[in-house]
Every structure is written in C-alpha cells, then in structure tokens.
Amino acid sequence: MTSTELHSESPAIALTIAGSEATGGAGAQADLKTFQELGVFGIVNLTCIVSFDPKDNWNHRFVPVDQQVIADQLEATTAAYGPESGAGSVLDTVKIGMLGSPATISTVETALQGGGFRNIVLDPVLICKGQEPGHALDTDQALKAQILPLATFVTPNHFESESLSGMTISTVDDLVEAAKKIHALSGAAVLAKGGVRLAGDAAVDVFYDGETLEILSEPKVGDVAVSGAGCSLAAAVTAGLAKGATPLEAARTAKAFVTRGIENRVTSGAPFTALWQGGAGA
Ligand code: PXL
C-alpha cells in the first residue's frame, strides 16, 4: 500500500430516529453523545422537540416535526449511507426513540420497511417523565401495532414492560416472565429494565432473546431514576450492534456504560439529574 492509500477504516454508523429533549439529558442528544462515546458515527433524524416547562412542574411541551420534514431527513440519510449509497460503512443499524404521534409512526414504519436494516433497536417510549399514563393511547397502540413487530431488539422500562406484557411486575421473576412475553409478541431480543423500580439493592435488567436468559445486575446508584438512562442504554445497545457485537454482548456493555454514566450524573436547576455519557472515561 502506498502512503496515499493509507486511510483509517470507516467507523461503524448508527441512526437514531428520536426527539430532541431541550435540556440535553434525554432523547436524541443522549443518543448522539452515547454513539460518539462508543466510537460510532451518529446520525439523528428528528421527530419532535420536547421542552420541559419550569413554570408548570417541568411537564412536557411537545412539538412534532412536520411529517414531510421527517420523511426528508430519512431520504437524505438513506441516500448518503443506505445500502445503495456506496458509503464506506453502510448504515444498517437504527435506534427508534420518541416518535410521539400516530402520523410519525406511519412515516417511520414506511422508512423501516424499505431501509434494509439489520438491527432495529426500539426504545418503546410510551410516556416520558411528567406525562400522564394513557395520555397518548392512540400513539401507544400504533407503536405496538406498527413498530414493535419490526424491532430486532427492544428495551422496555418497568412501566413499558407492564404495558407490553399486560402483567404487574414486582419481582425479578415477574420481570423474567414479562421479558419472555414481550419476546413472544415481538420476536425481538428483549432487555427489560427493572432499574430503580424493583425493591432491593440491585438495579436488575433481564435479557431474553428466545434462547439465552441473562439477569444483568449492578448495585443501585441511588433510588431515583436519572434522566437519559433509558435512552443511553438503548443507544449503547445500538452502538454495540452497529460495531458487530451480539445482542447479549451489546446488552452487557450497555448496562456497564449506563451504570458509569449514572455514577457520574449531572445536577441542574431541574428536579432531576442527567446521565453523563462521558462518565465511563471519567
Ligand atoms: O426518556 C424518554 C424520552 C425520550 N425522548 C425524548 C424525551 C424523553 C423524556 O423526557 O423528552 C425527546
């Protein structure tokens, strides 16, 4: 090889289709920071903008991105990095975060069906902190009907696991049963998160892919959920898969990454702390 041919290999590429959370703790910002931290070239296609309202108990103000603009972003990304693009690394791994409306779900469903993706990681954001359960029932139902069947990996939190499995989850055994049910209805590898919601000193998540069952456990870091933990976990899984890890390896690495990020969390004027993706290197 001559010196002019010397070049570093293209990094793995991952796309997140997600919403902006203005304070930078959750959503697309958390995804992009996680991708970067884990050595993956990250792309964001934005679905909505969430701005917490400090005058109203930090509840969510939600603005959807216009459907045509979502479709335009997906078109640009596919042309640049999709299977036909000639890109140095082909985009075959996507994470789905907050979609927020039935219309967006349909737009994204169409892109996923035509995108030739090998890995579709779904963080099934049914509600986010501050929203009332059932606030957006039609959106939840559309997500379950149209996106869940396309997912190859799904990362439900405690509430989402209860909603998807139809079970009450109080113990690790319950979480295992729920993970098996969610696998049965999606066909995807499942990482069901107990987090701080189950009693005890451990933050327990359950991995199940139809063959392997693994309980991932780390000592709890405090008892309060940290903003961006769910987004960062799913993004770290996505980064791992983009780099060629198996689903189980990606889940283990993601759990460790998020634990370090929670240990090094960031405080602010908001009534919640935010995960620091740089925590693993701190
Ligand atoms: O944590 C879930 C989540 C995902 N995406 C966006 C959010 C939130 C929660 O606040 O705002 C855009």
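The set of residues in the range 193-243 being more than 16 Å from the ligand (Cβ to nearest atom) and closer than 25 Å to ASP92 by Cα consists of PHE207, TYR208, ASP209, GLY210, GLU211, THR212, ALA239, GLY240, LEU241, ALA242, LYS243. Residues in the range 199-215 that are open to solvent by less than 10 Å² (accessible area, probe 1.4 Å) and aliphatic (A, V, I, L, M): VAL206 alone. Which residue is farthest from the chain's Cα centre (by Cα), if the candidates are limited to the range 33-68 and must be β-branched (Val, Ile, Thr) and surrounded by 14 or more Cβ atoms within 10 Å (Cβ to Cβ)? Across the range 33-68, the extreme among qualifying residues is VAL65. Any idea which of (1) open to solvent by less than 40 Å² (accessible area, probe 1.4 Å); (2) outside any loop (DSSP other than H, G, I, E, B); (3) over 20 Å from ALA30 (Cα atoms) is the one THR78 doesn't satisfy? Result: THR78 fails condition (1) only. Residues to consider are THR212, THR155; find the one that is of a type outside the set (Phe, Trp, Tyr) and closer than 24 Å to LYS33 by Cα. When all the criteria are applied, what remains is THR155. Checking each residue of the range 93-100 against the condition of being within 14 Å of the ligand (Cβ to nearest atom), under 13 Å from the mean Cα position of the chain (by Cα), more than 30 Å from LYS55 (Cβ to Cβ) and open to solvent by less than 10 Å² (accessible area, probe 1.4 Å) gives at least one match.
The values are calculated or read from the model by the stated rules, or taken from the named source; none is laboratory data. Everything numeric here is computed off the predicted structure, so don't read it as measured data. Every residue, glycine among them, receives a Cβ derived from its backbone with ideal geometry; neighbour counts consider all protein chains shown. When the accessible area is computed, the model is the full protein with side chains, heavy atoms only, and any ligands, DNA or RNA have been set aside. Shrake-Rupley method; radii C 1.70, N 1.55, O 1.52, S 1.80 Å.
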